[in-house]
Amino acid sequence: MRILITGGSGFVGRLLCQRLHRDGHRLLVVSRTPDKARQHLPAGSDIRARVLDFSDESPEAIVNLAGEPIAGKRWGKAQKTRLVESRLTMTSELVTLCQRMPTPPGVVISGSAMGYYGDQGQNEVDEQTPPNDEFAHRLCAQWEAAAREAEHSGMRVALIRTGLVLDADGGALQKMLPPFKLGLGGRIGDGRQFMPWIHREDLVRIIEFLLERESLDGPFNASAPQPVTNAEFSRALAQHLNRPAMLPMPAPVLKLALGEMSRLLLTGADMRPRRLEGAGFTFNYPTLDEALTVILGR
Ligand SMILES: NC(=O)c1ccc[n+]([C@@H]2O[C@H](COP(=O)([O-])OP(=O)(O)OC[C@H]3O[C@@H](n4cnc5c(N)ncnc54)[C@H](OP(=O)(O)O)[C@@H]3O)[C@@H](O)[C@H]2O)c1
């Protein structure tokens, strides 16, 4: 298949592109800096700076992952606008591209996040759970709505509400490892907030699964079936590194340091992948212990 990918140079996109290339797909990748992206992408990838630069191609499927990093900078007003606009602009350009094509692609798999649900306390959360209205929810809801515009062109749209993506060479774990390796890690706040997580390989497998299964559309919780609380996550990570996890990060300190963005670490949702499991998807890494064993090699 010819597959158009935004965010192909990113932490998730890089592994996705490797797997799709290995399986014989042709990759059309949107990157703001094609020369830089080329270093991370399989040979032969067609990389262009804007979605509409691909008007002369006819992708058969789209995977939409691009967006300003959510935890990159404090959520001031300008940064919040960047977080939203980077995703909405990219997604609406994809919809425009599809509208211009005589035969639009069959499917769009578009990003979203656990933040869709906002703070859910100790509630178990599936795709039907009503969201808590806060910035993360509004960001994901707008991103999802923009992608769903493609449905008007007759396309199948699947939305991946993604948990914290874990692997060795990037993402949240790369930021957490240095303090934990020094024995300076610990729970955040009271540690009871849920941290839905997923091994990067399983997320890529989910995207491939959704590309293939023509009956599947709408939102899918893309996180392992056994989520953990922040305290459990901290304990497991410290154990795998043979270090103590004795230094909790008090919530007020984090709020002072990160402002509203501290909600990413202090709140969460006990998110379950109900629809994926119902559709027959099986996780290679259902438990955090299995994921950390392979990621940390111990
Ligand atoms: N990683 C996680 O734990 C996680 C969890 C939940 C949801 N997600 C979502 O899943 C998607 C993929 O995650 P990821 O970790 O692979 O993200 P990532 O590594 O930050 O990569 C996203 C890509 O988006 C592009 N990008 C960055 N800033 C942009 C901007 N201002 N405007 C347009 N494009 C921009 C970049 O591509 P170029 O520089 O090549 O243009 C980048 O490679 C993201 O949208 C993320 O929000 C990730």
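The residue pairs whose first member lies in region 1-16 and is more than 16 Å from Leu210 (Cβ to Cβ) and at pLDDT 95 or above, whose second member is more than 9 Å from the ligand (Cβ to nearest atom) and not in a loop (DSSP other than H, G, I, E, B), and whose beta carbons are closer than 6 Å, counting only pairs six or more residues apart or on different chains, are Arg2/Arg26; Gly8/Cys17. Looking across region 227-238, the residues that are in contact with an Asp or Glu (Cβ under 9 Å, 6 or more places away or on another chain) and surrounded by fewer than 20 Cβ atoms within 10 Å (Cβ to Cβ) come down to Thr229, Ala231, Ala236.
Counted as qualifying within region 15-86 are no strands (runs of 3 or more DSSP E), as none has 1 or more residues that are under 18 Å from the mean Cα position of the chain (by Cα) and surrounded by fewer than 16 Cβ atoms within 10 Å (Cβ to Cβ). Is it the case that region 130-140 has a residue that's more than 20 Å from Gly10 (Cα to Cα), part of a loop (DSSP other than H, G, I, E, B) and among the polar types (S, T, N, Q)? Yes, region 130-140 has at least one match.
Between Gly76, Gly118, Gly67, Gly106, the distinction of being within 12 Å of the ligand (Cβ to nearest atom) and of a type outside the set (Ser, Thr, Tyr) belongs to Gly67 only. Of the residues Ala158, Ala168, Ala141, only one is small (Gly, Ala, Ser) and under 19 Å from Asn242 (Cα atoms); which? Unique residue meeting the criteria: Ala168.
Just one of the listed residues (Ala168, Ala136) is hydrophobic (A, V, I, L, M, F, W, C), more than 15 Å from Pro196 (Cβ to Cβ) and within 16 Å of the ligand (Cβ to nearest atom), and it is Ala168. Filtering region 1-47 to residues that are within 11 Å of the ligand (Cβ to nearest atom) and of a type in the set (Lys, Arg) leaves Arg14, Arg32, Lys36, Arg38. Checking the structure you have, find out if any residue of region 55-63 is under 23 Å from Leu166 (Cβ atoms) and modelled with pLDDT of 95 or more. Checked against the condition, which is being under 23 Å from Leu166 (Cβ atoms) and modelled with pLDDT of 95 or more, region 55-63 yields at least one hit. The single condition among (1) within 23 Å of Phe11 (Cα to Cα); (2) surrounded by fewer than 17 Cβ atoms within 10 Å (Cβ to Cβ); (3) among the polar types (S, T, N, Q) that Ser262 does not satisfy is (2).
Can you report the number of residues in region 99-128 which are in a helix (DSSP H, G or I) and among the polar types (S, T, N, Q)?
Counting residues in region 99-128 that are in a helix (DSSP H, G or I) and among the polar types (S, T, N, Q) gives 1.
Suppose we filter Pro248, Pro244 for residues that are farther than 27 Å from Trp75 by Cβ and either touching a residue at least 40 places away in the same chain (Cβ under 8 Å) or surrounded by 15 or more Cβ atoms within 10 Å (Cβ to Cβ) (or both); which single one remains? Before you say what the answer is, go through the steps one by one.
Numbers: Pro248 fails: farther than 27 Å from Trp75 by Cβ.
The unique qualifying residue is Pro244.
Within region 187-206, being over 16 Å from the mean Cα position of the chain (by Cα) and either within 11 Å of the ligand (Cβ to nearest atom) or surrounded by fewer than 20 Cβ atoms within 10 Å (Cβ to Cβ) (or both) holds for Asp190, Gly191, Arg192.
Test Pro130 against the stated conditions and say whether it is more than 24 Å from Leu16 (Cα to Cα), out of contact with any His (no Cβ under 8 Å at 6 or more places or on another chain) and without any contact (Cβ under 8 Å) to a residue 40 or more places away in the chain. Criteria met by Pro130.
The values are calculated or read from the model by the stated rules, or taken from the named source; none is laboratory data. This one's a predicted model, so the numbers in the text were calculated from it and none came from an experiment. No Cβ is skipped: glycine too gets one built from the backbone with ideal geometry, and neighbour counts run over all protein chains shown.
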